[in-house]
Amino acid sequence: MNYELICGLETHIELATDTKIFCSCRPKFGAEPNTTCCPVCVGMPGTLPVLNEKVIKYAIMMGLAFGCEINLNSIMERKNYVYPDLPKAYQISQNSAPICIGGEVVLPNNRKIRIHHIHIEEDAGKIINKNGSIFVDYNRGGTPLIEIVSEPDIRSPEEAKEYIEKLQQTAKYLKISDGRMQEGSLRCDVNVSVRKIGDENFGTRVEIKNMNSITFIVNAIDYEFKRQVEILAEGKKIAQETRRYEEKLNQTQGMREKENVTNYRYFAEPDIRKVNLNKEFVEGIQRELPELPDLRIKRYKTLGISSKSAELIARYVRISDFLDETLKKCKNPNIAANFIIGTIFSHLNTEADKEEFKIPLNSNEFCYLIDLISKNEIDQNNAKQILIKSLEKKGSLKQLCDEFTKIKIDFDISSICEEAMSLNKQAILDYKNGTEKAFQAILGTVMKLTHGKANAEEAKKIVQEKIKNDKIFI
Amino acid sequence: MKSHRSIILKIHELLETKKISCVELIKKYLDEIKKNKFNAYITVTENEALNSAALVDKKISSGQEIKLLEGIPVSLKDVISTKGIRTTCGSRMLENYVPIYNATCWEILKNNGAILLGKNNQDEFAMGASNETSFFGPVKNPYDITKVPGGSTGGGAASVVGGLAAFSIGTDTGGSLRQPASFCGIVGLKPSYGSVSRYGIIPMASSFDQAGPLTLTVKDASIVYDAISKFDEKDSSSNSQARNLTYDSLDKDISGIRIGIPKEFMNGMNSEIISSIKNVIKTYENLGAKIDYFSLPEVKYAMSIYYVLMCAEASSNLGRFDGIRYGFRPKNYNNVEDLIIRSRSEGFGDEVKRRILLGTYILSSSYTNNFYKKAQELREFLTCAFASVFEEFDIILLPTTPTTAFGFDYAEDDPIKMYLADVCTVTANEIKIPAISIPCGFDKQNLPIGVQLFAPRFREDILLNAAYKYESENFCVKIVDGVNNLY
């Protein structure tokens with residue numbers, strides 16, 4: 001029997017606002033426990049929340065990016081539950097009137113994953129188990145989050161991956177989040193059910209909580225799909241439950257039985273006024289919305305950049321911004337793109353390095369190099385060596401370029417070639433007798449004599465010419 | 001005092017003219033407090049008070065001017081957070097809780113130089129109308145120590161009429177300032193919701209709570225109100241508009257003012273109270289007011305709305321007391337869940353538990369539409385209905401309480417009986433308008449009777465003007481004990 005996967009995601013994205021959602025604390029990843037919190041975010045009796053306006057703005061930006069309808073009259077609500085990392089015993093969130101409604105995420109295969117809604121909420125603290133004791137760190141408490149709730153439109157683990165990557169990439173383009181999954185800035189609750197292909201009704205849904213790695217999410221969905229299909233094939237029923245993904249075993253395991261209706265006792269937060277917005281406010285945000293990745297890729301392609309390169313560059317907003325900066329002054333998009341992908345990418349080893357994009361040169365210098373290539377003053381090979389040197393912080397790119405062109409002017413390539421040929425008489429004979437490799441020895445000497453500054457192509461031509469025309473070496 | 005009709009002005013004058021030093025003054029109050037006749041205080045801040053008083057004296061002797069509230073002894077209800085001074089909410093749960101920050105209203109008074117004598121006894125987490133639910137024992141009514149002082153701000157009211165503070169700050173969620181003011185024969189002002197910052201006031205029901213002054217006279221209430229009514233960016237419900245200050249318009253002529261009497265509150269009440277209220281109406285007629293009766297049958301829902309919404313909000317507000325970060329924690333527990341259960345079971349008293357259970361039930365998903373949502377809608381309806389009433393009247397006049405001060409254990413077996421003590425007061429909290437209770441006479445047992453006035457939201461100026469004019473005609477505050485008697 002054939003089954004299909006039905007999957008929906010609840011994606012929490014930490015917003016990169018300067019201050020927390022209801023107080024003026026500045027969250028900092030990796031800070032000493034309980035040092036970035038105040039009476040408000042640890043819920044000391046009598047304190048009151050004041051909603052950070054930036055949080056509303058950022059949520060609206062995300063909504064507009066995916067074509068959501070913006071709710072001009074949304075409200076904050078209390079979600080009541082007891083847990084030691086939740087110091088007020090309620091999370092201030094949204095339920096009945098979230099800020100963004102509807103919208104869709106378009107995957108690379110053009111499939112559309114509908115968004116149910118996007119809401120604003122505060123993050124909780126963290127439980128730390130250590131030496132048999134339980135500690136609570138409230139640093140993360142009150143960090144602003146948006147939760148993007150999809151419809152159950154995802155049909156494969158790969159689509160889940162693409163969907164999350166799209167959200168992550170968009171959040172970075174909007175500069176509303178750093179989207180670092182390893183630091184928990186993006187976390188997912190995954191809802192998985194299966195049904196026979198052709199069935200209209202959904203099967204019983206299982207929720208896998210709190211995942212913060214795309215690989216694990218893909219594995220967990222894969223595992224859960226197979227598990228459920230197996231159960232159904234045996235004629236048994238799926239239990240509605242919350243499961244946890246065990247990384248080491250690559251399995252999901254049951255956590256606690258979930259009631260049919262979760263009882264969070266939602267009600268309107270009396271300490272925060274209704275979030276009443278006007279259309280002009282939303283339109284203003286729409287106008288300021290930056291160019292999003294899909295459009296950027298399109299634009300790169302019209303500039304003659306290959307679609308593979310365009311996609312690769314657009315994946316990292318900082319790298320893409322760097323290219324755009326360069327293109328403001330530089331007339332050769334293709335060379336620039338190739339150098340970014342060929343040389344700069346290989347210098348930035350990890351994904352995190354590419355995200356961070358910390359390089360010791362600016363777009364002006366980069367443009368200077370590309371221009372020299374266009375004017376044929378540096379060949380691609382030397383340009384690459386100079387760029388690597390500069391990336392390794394062995395000098396500023398501009399300086400290295402200038403040194404190179406200066407040395408080149410200082411020597412006469414023709415006489416250097418002659419000198420190299422006189423030092424490699426045997427090699428010339430070998431070359432003439434058909435040993436192609438021998439030619440490299442001559443070029444090697446040219447490079448040695450010019451400290452690598454000679455244009456290899458130029459030298460090659462000169463040497464070949466000299467061998468052909470001049471018999472003196474025979 | 002008669003010449004000023006304000007103990008604050010009187011003390012200010014005594015201090016400025018050096019007839020008494022601030023330290024002497026504070027010592028007198030502290031000596032009285034130590035006799036502990038009424039169990040009005042939970043914590044007495046003797047050292048801090050004397051130190052602050054010495055600073056005031058230094059200022060006066062060096063010839064500097066002092067502010068109106070400088071050196072004036074005040075007490076605070078124990079839900080108002082005071083940095084470094086324990087704030088118990090009258091509960092075992094917070095018996096040893098010391099806040100790390102000041103409530104805004106206390107911060108303002110402190111900056112104005114008021115001297116804190118201590119923290120008043122009150123019903124546990126402000127839940128009660130008799131001050132019997134306090135973990136620290138009941139407060140006695142200074143008029144008659146066999147009677148309750150009312151609640152939940154019972155300690156504050158007893159302090160003012162018992163001469164243990166020049167004035168006190170309390171809170172009012174459904175009548176918790178006005179009902180004790182009425183039982184103790186003093187003035188209790190509940191400002192409009194949004195007038196006084198709620199920041200730092202440990203909440204019972206966030207959409208109802210409002211802090212205000214308990215004073216001997218209307219002028220005192222006006223002085224304190226004008227000081228503490230300020231926009232606070234830390235409280236999103238704080239009114240950001242300019243305030244209608246009250247002091248300058250206290251003595252304005254009120255002839256032609258339109259006063260409405262709701263028929264619903266003139267029937268079925270204690271007859272002595274009704275005849276006293278009728279005398280108040282006559283006084284206003286003599287002052288040139290236009291009196292008319294009106295009927296608003298929907299006010300019969302006011303009590304139900306209040307107890308549904310208040311319990312719902314309270315159940316959520318009190319969730320944070322789990323024994324983990326602060327507050328009561330049992331000596332032995334098996335795990336985190338057990339710790340939370342035991343902390344709450346042993347830390348909270350019966351009335352608090354009752355309201356948490358009610359509120360949790362009301363908000364649970366199967367009932368929220370029947371109770372919470374319906375009550376919300378009715379609250380909005382009532383707000384609109386009163387808005388039209390205020391098109392016809394400037395002031396609404398009614399009794400503060402259905403009875404005068406009752407004895408202890410009045411509602412021992414029937415909590416509803418106690419809840420009904422709020423019947424005349426809750427509406428003002430529901431529709432967020434300002435209300436004041438002022439003394440207007442005594443019953444046959446010589447217990448004080450209070451009359452209550454309502455005004456439109458943020459019109460404390462009209463409210464206190466009307467109250468002051470009445471008080472000028474019939475001043476019936478008795479200072480039954482303590483230091484306030486000296487003036």
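With respect to B:LYS331, is the statement that it is among the charged types (D, E, K, R), open to solvent by 70 Å² or more (accessible area, probe 1.4 Å) and under 27 Å from B:MET303 (Cβ atoms) true?
No; evaluated as a whole, the condition is false for this residue.
Condition test on B:ILE356, is it aliphatic (A, V, I, L, M), more than 24 Å from the chain's Cα centre (by Cα) and under 24 Å from B:GLU124 (Cα atoms)?
Judged against the criteria, B:ILE356 is not a match.
For A:ILE146, indicate whether it is within 30 Å of A:THR36 (Cβ to Cβ) and part of a strand (DSSP E or B).
So A:ILE146 passes the test.
Every residue, every condition in (1) away from every other protein chain (no Cβ under 12 Å); (2) more than 25 Å from A:ASN210 (Cα to Cα); (3) not charged (D, E, K, R), yes or no:
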position	(1), (2), (3)
A:ILE6	yes, no, yes
A:HIS12	yes, no, yes
A:LEU15	yes, no, yes
A:ASP18	yes, no, no
A:GLU32	yes, no, no
A:CYS38	no, yes, yes
A:VAL42	no, no, yes
A:GLY46	no, yes, yes
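Quick one: what pairs do we get from the stretch A:359-377, first residue under 16 Å from A:ILE388 (Cβ atoms), second open to solvent by 60 Å² or more (accessible area, probe 1.4 Å) and among the polar types (S, T, N, Q), C-beta under 8 Å, 6+ apart or different chains?
A:ILE373/A:GLN380
I'd like to know if the stretch B:265-286 contains one or more residues that are open to solvent by 50 Å² or more (accessible area, probe 1.4 Å), closer than 21 Å to B:SER192 by Cα, more than 14 Å from every other protein chain (Cβ to nearest Cβ) and free of Cβ contacts under 8 Å to residues at least 24 places away in the same chain.
Checked against the condition, which is being open to solvent by 50 Å² or more (accessible area, probe 1.4 Å), closer than 21 Å to B:SER192 by Cα, more than 14 Å from every other protein chain (Cβ to nearest Cβ) and free of Cβ contacts under 8 Å to residues at least 24 places away in the same chain, the stretch B:265-286 yields no hits at all.
Which of the strands (runs of 3 or more DSSP E) contained wholly in the stretch B:149-249 include at least 2 residues that are more than 15 Å from B:VAL426 (Cα to Cα) and at pLDDT 95 or above?
Output list reads B:167-172, B:210-215.
For the subset of the stretch A:113-134 comprising residues that are away from chain B (no Cβ under 14 Å) and farther than 30 Å from A:MET76 by Cβ, which member is least open to solvent (accessible area, probe 1.4 Å)?
A:LYS130
For (1) open to solvent by less than 40 Å² (accessible area, probe 1.4 Å); (2) in contact with a Ser or Thr (Cβ under 8 Å, 6 or more places away or on another chain); (3) not assigned by TED's automatic domain parsing to the domain that holds A:ASN381, each residue gets a yes or a no:
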site	(1), (2), (3)
A:MET421	yes, no, yes
A:ASN424	yes, yes, yes
A:LYS432	no, no, yes
A:THR435	no, no, yes
A:ALA438	yes, no, yes
A:GLY452	yes, no, yes
A:GLU458	no, no, yes
A:GLN464	no, no, yes
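How many residues are of a type in the set (A, V, I, L, M, F, W, C) and out of contact with any Ser or Thr (no Cβ under 7 Å at 6 or more places or on another chain) if we restrict to the stretch B:144-163?
4
Within the set of pairs 6+ apart or on separate chains, which have a first residue in the stretch B:321-332 that is under 16 Å from B:VAL98 (Cβ atoms) and at the interface with chain A (Cβ under 8 Å from one of its Cβ atoms), a second that is in a loop (DSSP other than H, G, I, E, B) and among the basic types (Lys, Arg), and C-beta atoms under 8 Å apart?
Matching pairs, first to second residue: none at all.
Output the qualifying pairs, or none if there are none: Cβ atoms under 8 angstrom, residues six or more apart or on different chains, first residue in the stretch A:312-341 and open to solvent by 70 Å² or more (accessible area, probe 1.4 Å), second residue aromatic (Phe, Trp, Tyr).
These pairs meet every condition: A:ARG318/A:PHE357.
Can you pull out every residue in the stretch A:175-195 that is part of a loop (DSSP other than H, G, I, E, B) and either within 19 Å of A:GLU311 (Cβ to Cβ) or free of Cβ contacts under 8 Å to residues at least 60 places away in the same chain (or both)?
Within the stretch A:175-195, A:GLY179 is the sole residue that qualifies.
Tell me the residue from B:GLY151, B:GLY118, B:GLY175, B:GLY128 that is of a type outside the set (Val, Ile, Thr), surrounded by 24 or more Cβ atoms within 10 Å (Cβ to Cβ) and on the phi < 0 side of the Ramachandran plot, please.
The match here is B:GLY151.
Is there a residue in the stretch B:70-90 that is within 14 Å of chain A (Cβ to nearest Cβ), open to solvent by 10 Å² or more (accessible area, probe 1.4 Å), among the polar types (S, T, N, Q) and under 22 Å from the mean Cα position of the chain (by Cα)?
Among the residues of the stretch B:70-90, not one is within 14 Å of chain A (Cβ to nearest Cβ), open to solvent by 10 Å² or more (accessible area, probe 1.4 Å), among the polar types (S, T, N, Q) and under 22 Å from the mean Cα position of the chain (by Cα), which makes the answer no.
How many residues does the stretch B:230-253 hold that are within 14 Å of chain A (Cβ to nearest Cβ), surrounded by fewer than 20 Cβ atoms within 10 Å (Cβ to Cβ) and among the hydroxyl-bearing types (Ser, Thr, Tyr)?
Residues in the stretch B:230-253 being within 14 Å of chain A (Cβ to nearest Cβ), surrounded by fewer than 20 Cβ atoms within 10 Å (Cβ to Cβ) and among the hydroxyl-bearing types (Ser, Thr, Tyr): 1 in total.
Which condition breaks for B:GLY113 when tested against (1) more than 14 Å from chain A (Cβ to nearest Cβ); (2) crowded, with 24+ Cβ neighbours inside 10 Å; (3) part of a loop (DSSP other than H, G, I, E, B)?
Against the list (1) more than 14 Å from chain A (Cβ to nearest Cβ); (2) crowded, with 24+ Cβ neighbours inside 10 Å; (3) part of a loop (DSSP other than H, G, I, E, B), B:GLY113 comes up short only on (2).
Just a yes or no: is a residue in the stretch A:248-265 at pLDDT 90 or above, under 22 Å from A:ILE6 (Cα atoms) and open to solvent by less than 30 Å² (accessible area, probe 1.4 Å)?
Yes - at least one qualifying residue is present in the stretch A:248-265.
Of the residues A:LEU86, A:LEU107, only one is hydrophobic (A, V, I, L, M, F, W, C) and either surrounded by 23 or more Cβ atoms within 10 Å (Cβ to Cβ) or within 14 Å of chain B (Cβ to nearest Cβ) (or both); which?
A:LEU86
For every residue, the table says whether it meets (1) touching a residue at least 12 places away in the same chain (Cβ under 8 Å); (2) more than 27 Å from A:ASP178 (Cβ to Cβ); (3) in contact with a Ser or Thr (Cβ under 8 Å, 6 or more places away or on another chain).
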| position | (1), (2), (3) |
| --- | --- |
| A:ASN2 | yes, yes, no |
| A:THR11 | yes, no, yes |
| A:ALA31 | yes, no, no |
| A:CYS68 | yes, no, no |
| A:ARG78 | yes, yes, yes |
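Residue by residue, here is whether (1) open to solvent by 50 Å² or more (accessible area, probe 1.4 Å); (2) basic (Lys, Arg); (3) touching a Cys at 6+ places or on another chain (Cβ under 7 Å); (4) at the interface with chain A (Cβ under 9 Å from one of its Cβ atoms) holds:
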{"residue": "B:ILE340", "(1), (2), (3), (4)": "no, no, no, yes"}
{"residue": "B:SER343", "(1), (2), (3), (4)": "no, no, no, no"}
{"residue": "B:GLY349", "(1), (2), (3), (4)": "no, no, no, no"}
{"residue": "B:LEU358", "(1), (2), (3), (4)": "yes, no, yes, no"}
{"residue": "B:THR368", "(1), (2), (3), (4)": "no, no, no, yes"}
{"residue": "B:ALA375", "(1), (2), (3), (4)": "no, no, no, no"}
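Which residues, taken from the stretch A:48-73, are within 30 Å of A:LEU167 (Cα to Cα), within 14 Å of chain B (Cβ to nearest Cβ) and more than 26 Å from the chain's Cα centre (by Cα)?
Hits for the stretch A:48-73 are A:PRO49, A:VAL50, A:LEU51.
For the subset of the stretch A:196-215 comprising residues that are free of Cβ contacts under 8 Å to residues at least 40 places away in the same chain and farther than 19 Å from A:GLU147 by Cβ, which member is most open to solvent (accessible area, probe 1.4 Å)?
By that ranking, first place goes to A:GLU200.
Here are some conditions: (1) open to solvent by 60 Å² or more (accessible area, probe 1.4 Å); (2) farther than 16 Å from A:GLY8 by Cβ. A:ASP137 meets all but one. Which one does it not meet?
Condition (1) is where A:ASP137 drops out.
For residues that are part of a loop (DSSP other than H, G, I, E, B) and within 13 Å of chain B (Cβ to nearest Cβ), scanning just the stretch A:89-101, find the one that is farthest from A:ILE285 (Cα to Cα).
A:ALA89
Taking the stretch A:33-66 on its own, how many of its residues are part of a loop (DSSP other than H, G, I, E, B), buried (at least 16 other Cβ atoms within 10 Å of the Cβ), of a type in the set (Ser, Thr, Tyr) and in contact (Cβ under 8 Å) with a residue 40 or more places away in the chain?
Residues meeting the conditions: 1.
The values are calculated or read from the model by the stated rules, or taken from the named source; none is laboratory data. Just so you know, these numbers come straight off a predicted model, no measurement behind them. No Cβ is skipped: glycine too gets one built from the backbone with ideal geometry, and neighbour counts run over all protein chains shown. The protein model used for the area step is the full one, side chains on, heavy atoms only, and it has no ligands, DNA or RNA in it. Shrake-Rupley method; radii C 1.70, N 1.55, O 1.52, S 1.80 Å.
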